[in-house]
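The values are calculated or read from the model by the stated rules, or taken from the named source; none is laboratory data. For clarity, every value in this text was computed on a predicted model and none was experimentally measured. When we count neighbours, we look across all protein chains shown, and the Cβ atoms used for this are built from the backbone with ideal geometry, even at glycine.
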Amino acid sequence: MPWEERSKMSLRAEFVLLAQREDANRRALCARFAISPTTGYAWLRRVAAGGDYADRSRRPRTSPRRVSEAMEAAIVALRDRHPAWGGRKLARRLRDVGHEAVPSASTITAVLRRHGRLAAPEPRALQRFARATPNELWQMDFKSPLALANAFSCHPLTVIDDCARYALGLEALADQRGESVQQRLEAIFRRYGLPAAILADNGPPWGSRRGEGRAVTALGVWLIERGITICHGRPYHPQTQGKDERFHRTLEAELIGRRQFADLAHVQHAFDQWRHVYNCERPHQALDLDVPITRYVPSRRSLPERIEPYPYAPDVILRRVSTTGTISFRGHAWRIGKAFARRQVALRPTAQDGVLDVSFCHQTIAVIDLTDTP
């Protein structure tokens with residue numbers, strides 16, 4: 001995506017931070033961020049020399065008995081920029097940007113109280129399970145729509161990495177159609193590569209509960225064809241996507257709840273700026289107060305330019321799905337789903353007599369029970 005369409009400063013800073021990782025493939029990152037290697041390496045040299053993106057302050061801060069006026073001013077200024085951050089996050093960020101003699105979280109809380117900046121205490125985070133490495137699983141969902149001043153609505157699409165809590169996408173969409181989501185996901189995949197799996201809820205555009213069970217949508221087919229496993233949370237259990245739900249609450253507290261937006265472009269500009277803060281500046285409590293970009297690395301799996309026929313095993317039974325979403329097997333029509341029309345699916349026997357799994361590419365999408373003929 002061209003630099004002009006997004007916040008240039010946040011994208012450049014994101015590129016630099018990812019490229020500074022020891023295991024970074026810098027030339028691949030240049031390609032994914034749509035810049036030349038010459039430009040990318042020039043930015044890295046500039047930052048190494050203390051240039052544009054080095055926001056570290058080297059002024060000494062020494063006060064063994066009380067917080068200096070300069071430190072109090074820095075605490076209050078940082079809190080004013082991030083009103084939802086508590087003492088621990090503020091302390092960590094102040095150290096990250098180069099302040100010395102940063103006081104304890106409890107002292108920072110006292111400073112906030114003296115200056116009238118103290119809101120309700122931060123809720124204690126629940127223990128959650130996380131994937132071991134980045135890009136094993138991404139979580140994806142829509143936040144509740146935002147009303148805009150131009151009488152239209154914004155539908156925020158959020159995509160985060162389960163392991164690193166890295167916000168891969170924060171997109172201001174005009175609708176929740178599969179085509180709109182696919183367009184944004186394609187841009188995200190080109191920049192960060194492909195995940196092994198994506199967790200989404202059961203509703204459109206990634207799932208449908210109409211008809212027979214949970215149906216795969218056209219967007220789901222598009223993802224499966226690119227080697228991504230689609231996972232769905234339990235119906236009516238949003239806590240399955242707890243990390244994305246928590247991200248939505250943070251987005252509401254730190255940005256949306258304090259702003260009014262004119263149109264989609266205004267929302268996207270604000271989203272781009274805040275996503276940089278979330279990924280690159282905001283200490284994350286679930287990461288031991290590290291920032292997400294220190295835990296994330298782009299996927300080595302790039303978005304393919306063309307989809308090759310899937311290499312099904314020679315012992316499977318292949319059937320082509322009709323335009324009505326069915327396959328024919330043993331004299332009966334079995335419903336698979338219209339999203340798979342004109343595509344091949346594979347039938348494999350299971351350990352249970354008379355029961356076959358139906359798979360599309362690598363993913364099981366249905367079960368056929370021959371004892372229960374339609």
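Give 84, 74, 70 a once-over and let me know the one that is modelled with pLDDT of 85 or more and within 21 Å of residue 277 (Cβ to Cβ). Don't jump to the end; show me each part of the working.
Numbers: 84 fails: modelled with pLDDT of 85 or more; 70 fails: within 21 Å of residue 277 (Cβ to Cβ).
When all the criteria are applied, what remains is 74.
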Discussion item. Just to be sure before I move on: is residue 348 at pLDDT 95 or above, surrounded by fewer than 17 Cβ atoms within 10 Å (Cβ to Cβ) and touching a strand residue (DSSP E or B) at 6+ places or on another chain (Cβ under 8 Å) in the structure I sent?
Written reply: no
Item to complete: Specify the residue that is modelled with the lowest pLDDT; the eligible residues are those in segment 127-143 that are surrounded by fewer than 18 Cβ atoms within 10 Å (Cβ to Cβ) and in contact with a helix residue (DSSP H, G or I) (Cβ under 8 Å, 6 or more places away or on another chain).
Response: 128
Fill in: Where a residue in segment 11-28 is farther than 18 Å from residue 282 by Cβ and its partner, wherever it lies, is modelled with pLDDT of 90 or more and among the small types (Gly, Ala, Ser), with Cβ under 6 Å and at least six apart
26/19
Worksheet item: If you take just the strands (runs of 3 or more DSSP E) that sit entirely in segment 233-340, which of them hold at least 1 residues that are out of contact with any strand residue (DSSP E or B) (no Cβ under 8 Å at 6 or more places or on another chain) and surrounded by fewer than 20 Cβ atoms within 10 Å (Cβ to Cβ)?
Response: 332-335
Practice prompt. Take segment 140-167 and flag every residue that is among the charged types (D, E, K, R), farther than 19 Å from residue 270 by Cα and not in a strand (DSSP E or B).
Written response: 162, 165
Practice prompt. Filter segment 174-186 down to residues that are in contact (Cβ under 8 Å) with a residue 60 or more places away in the chain and closer than 17 Å to residue 265 by Cα, then give me how many there are.
Written response: 1
Worksheet item: Among the residues of segment 304-325, is any farther than 30 Å from residue 30 by Cβ, free of Cβ contacts under 8 Å to residues at least 24 places away in the same chain and either aliphatic (A, V, I, L, M) or in contact with a Gly (Cβ under 7 Å, 6 or more places away or on another chain) (or both)?
Response: yes
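Listed here are the residues, each with its yes/no results for (1) assigned by TED's automatic domain parsing to the domain that holds residue 18; (2) of a type in the set (Asp, Glu); (3) at pLDDT below 95.
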position	(1), (2), (3)
305	no, yes, yes
321	no, no, no
324	no, no, yes
333	no, no, yes
336	no, no, yes
339	no, no, yes
Worksheet item: Across segment 251-299, what is the total count of residues that are of a type in the set (D, E, K, R) and in contact with a helix residue (DSSP H, G or I) (Cβ under 9 Å, 6 or more places away or on another chain)?
Response: 8
Worksheet item: For segment 179-212, how many residues are crowded, with 19+ Cβ neighbours inside 10 Å and more than 21 Å from residue 132 (Cα to Cα)?
Response: 8
Item to complete: Return the only residue of 272, 263 being in the same structural domain as residue 221 (by TED's automatic domain parsing), out of contact with any Lys or Arg (no Cβ under 9 Å at 6 or more places or on another chain) and at negative phi.
Response: 263
